[in-house]
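Visitor: My questions will all concern the structure given below.
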Amino acid sequence: MPDLNPGRNVVPMVYQGGCLCGAIRYQAMAEPVRITICHCTFCQRLTGSAYLVEPIFRRPDVIFRGAPPSRYEHRSDSSQMRVTISFCGHCGTTVCLELERFPDIIGLCGGTFDNPNWFERDKDNCRHIFIRSAQRGVALPAGVKLYKEHAVKLDGTPNEPMVLAHTITLKRGGYPDITPPTLLSRAGEVIE
């Protein structure tokens, strides 16, 4: 007889990923807490690209296996706190970041998932940070929280996001010179 209680015996989804050579593998046992798209110059150098796509997870929700990662420690320019980069010592793939400032979370590098498109990047769970450093040609999406710097100040209070009514492509690098009607809100109100 079939089980008519759909809440019983549910197997959680497991999202897997790892480095290029396969020496490091991981499993994310839950949905990310949020998705951070970081445009800071550190993340640009880390990825060799315009920004880092970083699904953020609670530490207990990520399990690593295989070779232990090599690590590089960096001091954040803004907080002066440690950022630990974990990467494969064989193929060099950066797999994750750990932040002394936020010890309960781990940021996985989105492109290292076996299916890097499984997690949503929408207005409810995604934010772009350090857009002051965004490169020329980057498209900033409409309806998503955008932060000039980090989303959280050093004292723990939130920074004020900007939300665009229309997607814009930066014609020059750095913080966009945005005037209404492109700007939708700064604190939830519509700006006319």
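The values are calculated or read from the model by the stated rules, or taken from the named source; none is laboratory data. Treat the numbers as computed from the prediction; the structure is a model and nothing was measured. Using ideal geometry, Cβ is built from the backbone for each residue, glycine included, and neighbour counts are taken over all protein chains shown.
Visitor: Applying the selection to segment 115-135, what residues are under 20 Å from residue 76 (Cβ atoms), over 11 Å from the mean Cα position of the chain (by Cα) and of a type in the set (D, E, K, R)?
Guide: 132, the sole residue that qualifies.
Visitor: I need the full set of residues from segment 47-81 which are more than 27 Å from residue 124 (Cβ to Cβ), charged (D, E, K, R) and surrounded by 15 or more Cβ atoms within 10 Å (Cβ to Cβ), in order please.
Guide: Hits for segment 47-81: nothing passes.
Visitor: Is there a residue in segment 19-41 that is closer than 30 Å to residue 77 by Cα, surrounded by fewer than 16 Cβ atoms within 10 Å (Cβ to Cβ) and at pLDDT below 95?
Guide: yes
Visitor: Do we find that residue 168 is among the aliphatic types (A, V, I, L, M) and closer than 30 Å to residue 16 by Cβ in this structure?
Guide: Values: among the aliphatic types (A, V, I, L, M): yes; closer than 30 Å to residue 16 by Cβ: no.
The answer is no for residue 168.
Visitor: Answer yes or no as to whether residue 85 is closer than 30 Å to residue 172 by Cβ, among the hydrophobic types (A, V, I, L, M, F, W, C), touching a Cys at 6+ places or on another chain (Cβ under 7 Å) and at pLDDT 95 or above.
Guide: Judged against the criteria, residue 85 is not a match.
Visitor: I need every pair where a residue in segment 71-92 that is at negative phi has its Cβ under 9 Å from the Cβ of a residue that is acidic (Asp, Glu) and part of a loop (DSSP other than H, G, I, E, B), sequence separation at least 6 or different chains.
Guide: That search, which allows pairs on different chains as well, returns 76/100; 78/149; 79/100; 81/100; 82/100; 83/100; 84/100.
Residues are listed down the side, and each one gets a yes or a no for (1) more than 23 Å from residue 156 (Cα to Cα); (2) among the hydrophobic types (A, V, I, L, M, F, W, C); (3) part of a loop (DSSP other than H, G, I, E, B):
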{"position": "31", "(1), (2), (3)": "yes, no, yes"}
{"position": "35", "(1), (2), (3)": "no, yes, no"}
{"position": "49", "(1), (2), (3)": "yes, no, yes"}
{"position": "57", "(1), (2), (3)": "no, yes, no"}
{"position": "80", "(1), (2), (3)": "no, no, yes"}
{"position": "83", "(1), (2), (3)": "no, yes, no"}
{"position": "98", "(1), (2), (3)": "no, no, no"}
